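A.B. asks: Pasting in a structure now, in structure tokens, and then I'll have a few things to ask.
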Amino acid sequence: MRHLLDTRTLDRATAVRILDVAEDMSDTQSREIKKLPTLRGKTVVNLFFEDSTRTRISFEAAAKRLSADVINFAAKGSSVSKGESLKDTAQTLQAMGADAVVIRHPASGAPQTLATSGWISAGVVNAGDGTHEHPTQALLDAFTIRKRRFGAESRGRDLAGITVVIVGDVLHSRVARSNVWLLATLGAEVTLVSPPTLVPQNVSLWPAKVVYDLDQALAQGPDAVMMLRIQLERMNAAYFPTEREYSRRWGLDALRVAGLPDGSIVMHPGPMNRGLEISSEAADSPRSTVLEQVTNGVSIRMAVLYLLLAGERDDERGGDQ
Amino acid sequence: MSARTVLHEADISRALTRIAHEILESNRGAENLVLLGIPTRGVTLARRLATVIGEIAQTSVPVGALDVTMFRDDLAQHPTRSPRPTDIPSGGIDGCTVVLVDDVLFSGRSIRAALDALQSIGRPAVVRLAILVDRGHRELPIRPDFVGKNIPSSRQERVNVRLIEDDGAEEVTIEA
């Protein structure tokens, strides 16, 4: 694997391979010594043009557990606020000898540009770009669903026949997009639930059903219910009348959780708006996988960095020289 | 491409039985013994050895798998390898006599990686090495304690171990 830019172009075999390697990574994290020498001497740069705590820390932990050196670069208070372009920032990192660049950027497609422009030869991992994709989040969600469902028998399996309901602000959500593509590739059936104002226009092309009523979707007895965060920072128009109304119609409260079939799980990528899209009863119930998702996130990111950096460099570097 | 068979099914089985006796002899019984196979075929051989030792000593011997992929020093020279599961017996390995089991001993680099991998899991009292085929050409100061057969080979030749459980055949061949 040269880069990880999206889940849309990820084929089933590669996706299952990442999940399987993450299983092995997860096994090593229960050992007395969690650190592996695998990526000794490699440098991973976390290039974050957007605020993030958990994704950045998760990537940092993953790189450090594999003995890579980590350089954190936050756009705030850096040369970017002095007007430096993405190209110049990237080439500076290249000159410092970065082997992989983990990038989060408010513009959709920034990681793609970085990977294909020929500015740098490092592997690029998309850690969230605009409203496009957030592939490692989708991979860790798929890993969590598989692990809860199959336990120790997870290796080599996909998610054929598993039903997943994704609820909330699909319009602005890169997590929803990455999950729709990945879950469909792995054979799961995805239903999106959202207020009509928060459904993207091109959604008919996605491999997912769309309904507007949460109770109707939950009545099907899904295996996993994934709540999306209402991104208050992106609510720049009147997408729904009030937060209370949103919470009543599309929020996951105790009553809705109680109606779920045995064994179905409640997921949230975090950070949660408790009381808005998810109630505390739902977030803290035994069905909730919120903290497992965080733990699994480190394993998934270790797997991605391993597959990107450990082996021989393929020569399909995007327009190098 | 001429392949010649150097060990047949009966030879492999005799070699494993002898190694089982040697392990018991050097350990003075089956006490504190843990067998760890190096994937893929080392794990199969470790399981078979555990069965044979169990029959001889009338006890059950803990057996597991130790993946060394993440500890290799030649990862960058090959296409990315997929790691295999590591499975340590529930009793752990602290204070035990760990016998590493692999099919072919060549450069010794896998065993070096295995020693590092072992270190991250616990601290055995003694570590020994059992090998079905030793083909020479060591690059590190590593030697086996129990050997099924020494097969002198040239570096260009390939030594293939095939086992029923993994390959559906049971033989060791050497290919020019």
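The values are calculated or read from the model by the stated rules, or taken from the named source; none is laboratory data. Just so you know, these numbers come straight off a predicted model, no measurement behind them. Every residue, glycine among them, receives a Cβ derived from its backbone with ideal geometry; neighbour counts consider all protein chains shown.
A.B. asks: Across region B:109-127, what is the total count of residues that are part of a loop (DSSP other than H, G, I, E, B) and either more than 11 Å from chain A (Cβ to nearest Cβ) or buried (at least 21 other Cβ atoms within 10 Å of the Cβ) (or both)? Break it down into steps so the answer makes sense when it comes.
C.D. replies: Looking only at region B:109-127, we keep the residues that are part of a loop (DSSP other than H, G, I, E, B), and these are B:120-125.
When the remaining residues are screened for being either more than 11 Å from chain A (Cβ to nearest Cβ) or buried (at least 21 other Cβ atoms within 10 Å of the Cβ) (or both), the result is B:124-125.
Residues flagged as part of a loop (DSSP other than H, G, I, E, B) and either more than 11 Å from chain A (Cβ to nearest Cβ) or buried (at least 21 other Cβ atoms within 10 Å of the Cβ) (or both) within region B:109-127 amount to 2.
A.B. asks: Can you tell me which of A:THR191, A:THR242 is among the polar types (S, T, N, Q) and within 24 Å of A:PRO261 (Cβ to Cβ)?
C.D. replies: Working: A:THR242 fails: within 24 Å of A:PRO261 (Cβ to Cβ).
Just one listed residue meets the conditions, A:THR191.
A.B. asks: Now, a different point. Check off (1) outside any strand (DSSP E or B); (2) in the same structural domain as A:ASN202 (by TED's automatic domain parsing) for A:ILE166 and give me the number that stays unchecked.
C.D. replies: (1)
A.B. asks: Can you pull out every residue in region A:10-64 that is among the β-branched types (Val, Ile, Thr), over 16 Å from the mean Cα position of the chain (by Cα) and surrounded by 17 or more Cβ atoms within 10 Å (Cβ to Cβ)?
C.D. replies: Result: A:VAL21, A:THR28, A:THR38, A:THR43, A:VAL44, A:VAL45.
A.B. asks: Then there's this: Quick one: is B:ARG143 away from chain A (no Cβ under 13 Å), free of Cβ contacts under 8 Å to residues at least 24 places away in the same chain, on the phi < 0 side of the Ramachandran plot and in contact with a Leu (Cβ under 8 Å, 6 or more places away or on another chain)?
C.D. replies: Values: away from chain A (no Cβ under 13 Å): yes; free of Cβ contacts under 8 Å to residues at least 24 places away in the same chain: yes; on the phi < 0 side of the Ramachandran plot: yes; in contact with a Leu (Cβ under 8 Å, 6 or more places away or on another chain): yes.
Yes, satisfied.
A.B. asks: I would also like to ask the following. Which residue out of B:LEU7, B:LEU36 is touching a residue at least 24 places away in the same chain (Cβ under 8 Å) and more than 29 Å from B:ASP94 (Cβ to Cβ)?
C.D. replies: Numbers: B:LEU36 fails: more than 29 Å from B:ASP94 (Cβ to Cβ).
After ruling out the rest, the residue left standing is B:LEU7.
A.B. asks: Across region A:193-225, which residue is surrounded by the most Cβ atoms within 10 Å (Cβ to Cβ) among those that are part of a loop (DSSP other than H, G, I, E, B) and acidic (Asp, Glu)?
C.D. replies: The first filter runs over region A:193-225 and keeps only residues part of a loop (DSSP other than H, G, I, E, B), leaving A:194-195, A:199-202, A:206-208, A:212-213, A:219-223.
Still in the running and acidic (Asp, Glu): A:213, A:223.
Numbers: A:ASP213: 11, A:ASP223: 20.
My answer is A:ASP223.
A.B. asks: Here is a list of conditions, (1) modelled with pLDDT of 95 or more; (2) more than 14 Å from chain A (Cβ to nearest Cβ), and B:GLY64 meets all of them except one; can you say which number that is?
C.D. replies: All conditions are met except number (2).
A.B. asks: Residues B:PHE106, B:PHE71: which one is within 13 Å of another protein chain (Cβ to nearest Cβ) and among the aromatic types (Phe, Trp, Tyr)? Give the derivation first.
C.D. replies: Details: B:PHE106 fails: within 13 Å of another protein chain (Cβ to nearest Cβ).
Criteria check complete, one pass: B:PHE71.
A.B. asks: Could you please find all residues in region B:143-164 being among the small types (Gly, Ala, Ser) and closer than 25 Å to B:HIS21 by Cα? Spell out how you get there, then give the answer.
C.D. replies: Our first condition is that a residue be among the small types (Gly, Ala, Ser); within region B:143-164, this holds for B:148, B:153-154.
If the condition is that a residue be among the small types (Gly, Ala, Ser) and closer than 25 Å to B:HIS21 by Cα, then B:GLY148 is the only one that fits.
A.B. asks: Determine whether region A:22-40 contains at least one residue that is away from chain B (no Cβ under 14 Å), at negative phi and in contact with an Asp or Glu (Cβ under 9 Å, 6 or more places away or on another chain). Break it down stepwise before answering.
C.D. replies: If we filter region A:22-40 for residues that are away from chain B (no Cβ under 14 Å), which is where we start, we get none.
Scanning region A:22-40 turns up no residue that is away from chain B (no Cβ under 14 Å), at negative phi and in contact with an Asp or Glu (Cβ under 9 Å, 6 or more places away or on another chain).
A.B. asks: Does any residue of region A:237-256 turn out to be touching a residue at least 60 places away in the same chain (Cβ under 8 Å), in a helix (DSSP H, G or I) and not assigned by TED's automatic domain parsing to the domain that holds A:VAL102? If you could, list the steps in order and put the result at the bottom.
C.D. replies: Our first condition is that a residue be touching a residue at least 60 places away in the same chain (Cβ under 8 Å); within region A:237-256, this holds for A:239, A:250, A:252.
From what's left, in a helix (DSSP H, G or I): A:250.
Checking which are not assigned by TED's automatic domain parsing to the domain that holds A:VAL102 leaves us with A:250.
For region A:237-256, residues touching a residue at least 60 places away in the same chain (Cβ under 8 Å), in a helix (DSSP H, G or I) and not assigned by TED's automatic domain parsing to the domain that holds A:VAL102: present.
A.B. asks: Residues that are more than 14 Å from chain B (Cβ to nearest Cβ) and touching a Leu at 6+ places or on another chain (Cβ under 7 Å): does region A:65-78 have at least one? Please lay out each step first, then the result.
C.D. replies: Residues of region A:65-78 more than 14 Å from chain B (Cβ to nearest Cβ): A:69-78.
In the following step, the residues that additionally are touching a Leu at 6+ places or on another chain (Cβ under 7 Å) were identified as A:73.
Yes, that holds for at least one residue.
A.B. asks: Could you check region A:92-118 and list, in sequence order, the residues that are in contact (Cβ under 8 Å) with a residue 40 or more places away in the chain, surrounded by fewer than 18 Cβ atoms within 10 Å (Cβ to Cβ) and not in a loop (DSSP other than H, G, I, E, B)?
C.D. replies: Matches in region A:92-118: A:THR116 only.
Residue by residue, here is whether (1) within 14 Å of chain A (Cβ to nearest Cβ); (2) over 30 Å from A:GLU153 (Cβ atoms); (3) hydrophobic (A, V, I, L, M, F, W, C) holds:
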residue	(1), (2), (3)
B:ARG4	no, yes, no
B:LEU35	no, no, yes
B:ALA46	no, no, yes
B:VAL52	no, no, yes
B:ILE56	no, yes, yes
B:THR59	no, no, no
B:HIS78	yes, no, no
B:ILE88	yes, no, yes
